[in-house]
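Participant: Just passing along the structure, written as structure tokens.
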Amino acid sequence: MSFELLRKEIINAGLCQGCGLCVGSCKHIEMDILRPTIKDYCILERDGQDCGKCYQGCPQVIQKKFEQKQPKAIYSLRSKNPEILAKAANGGVVTTLAKNLLETQSLAEIVLVQDVEEKPQANIVSDPDDVIQKAGVVYGRSGVLEKLVDLVGETFEPVGIVGVPCEMRGAAELEDEMNRDILKIGLFCNSHMRTEQTDRGLVCSPCCSGCPSGVNAQGYISLIRQGQYQEAVELIRENNPLPSICGRICTNECEHACTLIGDDHPVAIRELKKFVTEWEIEQSKKIDSKSKSKTKKNAKKVAIIGSGPAGLTAGYFLKRMGYAPTIFEKSDQTGGMLRFGVPQFRLPNYVLDYDVNMIKNSGVEIVLNTPLGPDMTIDDLKNDGFEAIFIATGQYKPRTLHLEGEDLPNVHVAIKFLMDRKYRYWENKEEFKGKTLGIIGGGPVAVDVAQTALRLGASKVHFVDIMSEEQLELVIKEIPENEIEFMEYHFTTSTSKITQSDDEKLVLNCYKIEWGSPDETGRKPLNKVKGSDYEIPIDSIVIAVGQAVDFDQIDIATNNKLEKERNKIRVNEVTFETNIPGVFAGGDIINNSKAVAIAAIAHGKEAAISIDRYLKGDSLIEGRFKQDKMFFRGLKKPPKDYSPKPETLEDATEEIAWSFEEIDQMFDEEMAIQEARRCLSCNHFCSHCQDFPAIYSDLTAGEVGSQKGYTTVVVWTDKGKEIVETAIKNGLFEEGEVNEEELNKAINLKSKRELLTFEKTPRQQILDYITLQGPTTISDMAQNLKLEPKKVRYEALRLTQLMQVEMKVDPGMQEPIFTLICE
């Protein structure tokens, strides 16, 4: 059982969770980019010494079936320390206990995960104040057991550890092996990544949790690594029916949560999605299959208004659920803003058409040139037999700032500018030759405008935006280096008016601004910096400050019954139902929309679930909860690092010519597999672990079973109970009510999972065969175990060297006999 076996069965299979116990048990192993690796050599492989500690001690190898255990007590607690609560995910119990145990010297040191430059890092902590200063971090792959091994080898003082259930089991085994008393504070398994999936007993990786639509990035990257490309695309489609599109334009929030950040660059998840979906597109050209799925008879009809990402997604999932969805599109083409607003050099038409055709071929009917309005109202649809309606018409009404001069010649609005040049004037390659373009706004749409203008001959583009460089970092990062040199950002700058100079050039009249302190509503005022006025001479101006919903036709179609909020449709943010029963809405049209494709896809998927429940007469909300990642909750903070492109791919991007061809190249197969191998497969093992409440700890804490702002604490030992009772008695906590039914449900869900089984190694198979069958030969074992005779001979001789079996050579026999050595 060498390190090579650990590497093959655990590390390369994506089951290693980076606990570091193997590192602590062997001086020849070290952690490298959050994975165990051989520092110099394995003594079993080099010297033949019987060891196997790294393999035998791995918590993922020696799985233990969950055993029901009666807790000593259950509490719902909330810290009374406001500094701790400000950083706590719920009640701040673990931080409060750790601080108190160090202050009272009940523990000399404790191993826990801390926030070090916004990255989770395992540390040995002895300073009570340090516990608070670096609190508020998400637990994950951080190596607390490695630190614990170091700690118990250095001191005989009382020590403790905070970790997730598998780490608690490792700590308990270490405690027994080293005959030490270690305080073990457990955390409910992945409670920090709680979603509808985890409540059903499934566990997402951090990248999956970061995706608004819950795409299992870890899963499909693992399939890419194995060369199973079709299976990878199919896994993506389980949560996202527009994978090819998202391979190009997704905001890749999944990458921002990658565990590798801080130790290495995050995995290039979007690029891998692009590779595997492009592979499928190429394969489809070799297959002449245009068959369309049939709709079953008497299927209930659902009307979907709009063929953008939300509408297409809702239609796809409703068809899979057995309904007869029909998408009504007001224009003559499908795709919504993906079609009309996103330039082809970012999203080629063939990519959009492929995903749309996949949805049409699944059986979703799409009717073009049919807008919602006086000629097709909600009542009309209901009279035509549609039992539920999903409105996803998007935003096409351009916003302006109502500035003086907006009506001057050569002043455009972004959406019309892009639509005109994508489908009408784009062949006029010299429209802006040698000219300077000014753009009011600096977000993604503004960049699309700038890139389009450069391809039509513009020599310079000025962006004027009230946001800071840091706030726009995510946008700017996506601009190729060879293009950004023609662009100039004027950050924290506002525009007072547009004027015209004597030579008929346009002028942007600008001034610098400062953001004030938030008012009672949380909004920050913009304050003009005195004496900061300046002018930017421009040939053409584009106003790119967003779009609004055009409610004129919608109000007619709904008889003015739809409730609105900030000029968007108000919906229940769990079910996406409007105030009109049976009418749902999603995408850019609803309040707090993120206005990005992947969020609209998530809305469509959730709305389909709600419509299914509605048509079945089930509760729309039972067992579901609001998922903030689907909605706009303020500007997203840039990640600490970005996924890199391999050198060859970066060169290809930097050498592009000015054309409307797609900007970015893509991974070839070798690049894709190489990049996929960097993935740590986080929480893969957690999909099989049965221990939600960390029964090997002294006490466990987490959010399940308590109201918001409180922490549930389950005590498993007398020592744990004494610690909690003393803390309550000393006034460290206020108590709440425990929902034991919710807690038991979470425990039971996970305890019913199937444990992961490992295939036995050839050596173990041979040893087991000799043990059960008695004296045998190489040919007999090879035949019955279906192994190569050469492999059987090698392993049998190794078992003989290890004094586990005995080899007897009889002159009258054609081959030696192997028997078990009985002590």
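Participant: Restricting to DSSP H runs of at least four residues, report the calculated mean residue ellipticity at 222 nm for the chain, -39500 (n - 2.57) per run over all residues, nearest 500 deg cm²/dmol.
Facilitator: Values: 33 runs with 285 residues, N = 823.
Taking each H run of at least 4 residues, the total per residue is -9500 deg cm²/dmol.
Participant: Moving on to the next point. At a 1.4 Å probe radius, which order do Phe625, Phe3 fall into by accessible area, largest first?
Facilitator: Numbers: Phe625 70, Phe3 0 Å².
Highest to lowest solvent-accessible surface, that is Phe625, Phe3.
Participant: Would you mind checking the tilt of helix 144-154 against the longest principal axis of the Cα atoms of the chain, expressed as 0 to 90 degrees and rounded to 10?
Facilitator: Rounded to the nearest ten degrees, it is 40.
Participant: When only Cα pairs under 8 Å and 6 or more residues apart are kept, what is the percent relative contact order across the chain? Write out the running numbers ahead of the final one.
Facilitator: On the way: 1604 pairs, mean separation 137.5, N = 823.
Taking the mean separation of contacting Cα pairs over the length of the chain, I get 17 percent.
Participant: Right, next: Could you tell me which GluC sites (Glu not before Pro) in region 544-633 are loop residues by DSSP with no more than 14 other beta carbons within 10 angstrom of their beta carbon?
Facilitator: Values: sites: Glu563, Glu565, Glu573, Glu577, Glu606, Glu622; in loops: Glu563, Glu573, Glu622.
Of the GluC sites (Glu not before Pro), the ones in loops of region 544-633 whose Cβ has at most 14 other Cβ atoms within 10 Å are Glu563, Glu622.
Participant: Mind listing the long-range amide H neighbours of Ser532? Cut-off is under 5 Å, sequence gap 5 or more, other chains count too, H placed in the peptide plane at 1.01 Å from N.
Facilitator: Counting only residues 5 or more places away or on other chains, the set is Lys512.
Participant: What percent antiparallel are the DSSP beta bridges of the chain, to the nearest 5?
Facilitator: Details: 50 of 96 bridges.
Within the chain, antiparallel bridges account for around 50 percent of the total.
Participant: Using a 1.4 angstrom probe on the protein heavy atoms only, could you order Ser610, Ser126, Ser331 from most to least accessible area?
Facilitator: Details: Ser610 0, Ser126 70, Ser331 25 Å².
Of Ser610, Ser126, Ser331, the descending order of accessible area is Ser126, Ser331, Ser610.
Participant: Using a 1.4 Å probe and ignoring any ligands, DNA or RNA, find the accessible area of Leu338 and quote it in Å² to the nearest 10.
Facilitator: About 10 Å², ignoring ligands and nucleic acids.
Participant: Follow-up question, since we're still on this one. Of Asn123, Cys51, Ser79, which is farthest towards the positive pole of region 24-136's charge dipole, taken about the Cα centre with +1 and -1 on the beta-carbons of Lys, Arg and Asp, Glu respectively?
Facilitator: Ser79
Participant: Under 5 Å between amide H atoms, partner at least 5 residues away or on a different chain: which partners does Ile538 have, H built in plane at 1.01 Å?
Facilitator: Amide H neighbours of Ile538, under 5 Å, 5+ apart: Leu506, Val507, Leu508.
Participant: Quote the accessible area belonging to Tyr323 in square angstrom, nearest 10, computed with a 1.4 Å probe and with ligands, DNA and RNA left uncounted.
Facilitator: 20 Å²
Participant: Could I ask something else about it? Keeping the other protein chains in place, figure out the carbon and sulfur percent of the accessible area of the chain, with a 1.4 Å probe. Display every interim value, and only then the final one.
Facilitator: Details: 17770 of 38130 Å².
Reported share for carbon and sulfur atoms: 47 percent.
Participant: Something else about it: What percent does the relative contact order of region 119-192 come to when contacts are Cα pairs within less than 8 Å and at least six residues apart?
Facilitator: On the way: 75 pairs, mean separation 21.2, N = 74.
Once divided by the residue count of region 119-192, the mean separation gives 29 percent.
Participant: Which far-off residues, 5 or more places away or on another chain, put their amide H under 5 Å from the one on Phe390, with H placed in the peptide plane?
Facilitator: Here the answer is Ala303, Ile304, Ile305, Phe584, since their amide H atoms fall under 5 Å of that of Phe390.
Participant: Any idea what the relative contact order of region 371-499 is, in percent, if you count C-alpha pairs under 8 Å spaced at least 6 apart?
Facilitator: Numbers: 135 pairs, mean separation 30.2, N = 129.
Contact order relative to length: 23 percent.
Participant: Another question, if that's okay. HN-Hα J couplings of region 459-466 from phi, Karplus 6.51/-1.76/1.60, θ = phi - 60°, integer Hz, Gly and Pro as x?
Facilitator: So the Karplus estimates, Gly and Pro as x, are 9, 7, 10, 10, 9, 10, 9, 6 Hz.
Participant: I've got another one for you. If you filter region 758-800 for trypsin sites (Lys or Arg not before Pro), then keep DSSP loop positions with at most 12 other Cβ within 10 Å, what is left? List each step's numbers first, then the result.
Facilitator: Numbers: sites: Lys760, Arg763, Lys786, Lys790, Lys791, Arg793, Arg798; in loops: Lys760, Lys786.
Answer by residue number: Lys760, Lys786.
Participant: Sticking with this structure for a sec: At 1.4 Å probe size, put His256, His462 in order of accessible surface, largest to smallest.
Facilitator: Working: His256 45, His462 25 Å².
Of His256, His462, the descending order of accessible area is His256, His462.
Participant: For region 357-429 and region 129-177, compute the distance between their C-alpha centroids and round to whole Å.
Facilitator: About 56 Å separates the Cα centre of region 357-429 from the one of region 129-177.
Participant: For helix 93-103, what angle does its Cα long axis make with the longest principal axis of the chain, in degrees from 0 to 90 and rounded to 10?
Facilitator: So the helix axis and the longest Cα principal axis differ by about 60 degrees.
Participant: Let me ask something else about it. Using a/c under 1.5 as the rounded threshold, could you call the chain rounded, prolate or oblate? The axes a ≥ b ≥ c are square roots of the C-alpha gyration tensor eigenvalues, and prolate needs a/b larger than b/c, oblate otherwise. Don't jump to the answer; show the numbers that get you there.
Facilitator: Working: a/c = 1.83, a/b = 1.59, b/c = 1.15.
Here the chain falls in the prolate category.
Participant: Next up: Just to be sure I understand the model, the point goes 7 Å from the Cα along the line to the Cβ. What's the resulting Leu85 to Glu742 distance in nm?
Facilitator: According to this spin-label approximation, the distance is 1.8 nm.
Participant: Determine ³J(HN,Hα), in whole Hz, for all residues of region 327-332 in sequence, where each value follows from phi through the Karplus function 6.51 cos²θ - 1.76 cosθ + 1.60 and θ = phi - 60°; x replaces Gly and Pro.
Facilitator: 9, 9, 10, 6, 9, 9
Participant: Right, here's the next one. Can you tell me how region 280-406 classifies by the Cα gyration tensor, rounded, prolate or oblate, using a/c under 1.5 as the rounded cut? Walk me through the intermediate numbers first.
Facilitator: Working: a/c = 2.86, a/b = 1.16, b/c = 2.47.
Note, shape of region 280-406 comes out oblate.
Participant: Continuing with the same structure: Tell me, what ³J(HN,Hα) does each residue in region 782-793 have, in order and in whole Hz, if you take phi through Karplus 6.51 cos²θ - 1.76 cosθ + 1.60 with θ = phi - 60° and put x for Gly and Pro?
Facilitator: Karplus values, whole Hz, x for Gly and Pro: 4, 5, 7, 8, 6, 10, 5, x, 4, 5, 5, 4.
Participant: Could you order the peptides 94-102, 468-476, 16-24 from most to least packed, using the average number of other C-beta atoms within 10 Å per residue? Could you put the intermediate results ahead of the total?
Facilitator: On the way: 94-102: 23.9, 468-476: 16.1, 16-24: 25.7.
In descending order of packing, they fall as 16-24, 94-102, 468-476.
Participant: Would you please classify the overall shape of region 3-135 from the alpha carbon gyration tensor, given that a ≥ b ≥ c denote the square roots of the eigenvalues, rounded means a/c under 1.5, and beyond that prolate means a/b larger than b/c while oblate covers the rest?
Facilitator: It is prolate, given that a/c is not under 1.5 and a/b is the larger ratio.
Participant: Still on this model: Select from Gln553, Thr393, Ile378 the residue farthest towards the positive end of the dipole of the chain; place +1 on Cβ of Lys and Arg, -1 on Cβ of Asp and Glu, and compute about the Cα centre.
Facilitator: Checked the options; the winner is Ile378.
Participant: Under a point-charge model restricted to the Cβ atoms of Lys and Arg (+1) and Asp and Glu (-1), what is the dipole moment magnitude of the chain relative to its Cα centre, in debye to the nearest 20? Please report the intermediate quantities before stating the final value.
Facilitator: Details: 100 positive and 126 negative charges, 474 e Å.
Magnitude of the dipole: close to 2280 debye.
The values are calculated or read from the model by the stated rules, or taken from the named source; none is laboratory data. The shown structure was predicted, so the numbers you read here are calculated from the model rather than taken from an experiment. All Cβ positions, glycine included, derive from the backbone under ideal geometry; neighbour counts span all protein chains shown. With ligands, DNA and RNA removed, areas are computed over all heavy atoms of the protein, side chains included. Shrake-Rupley method; radii C 1.70, N 1.55, O 1.52, S 1.80 Å.
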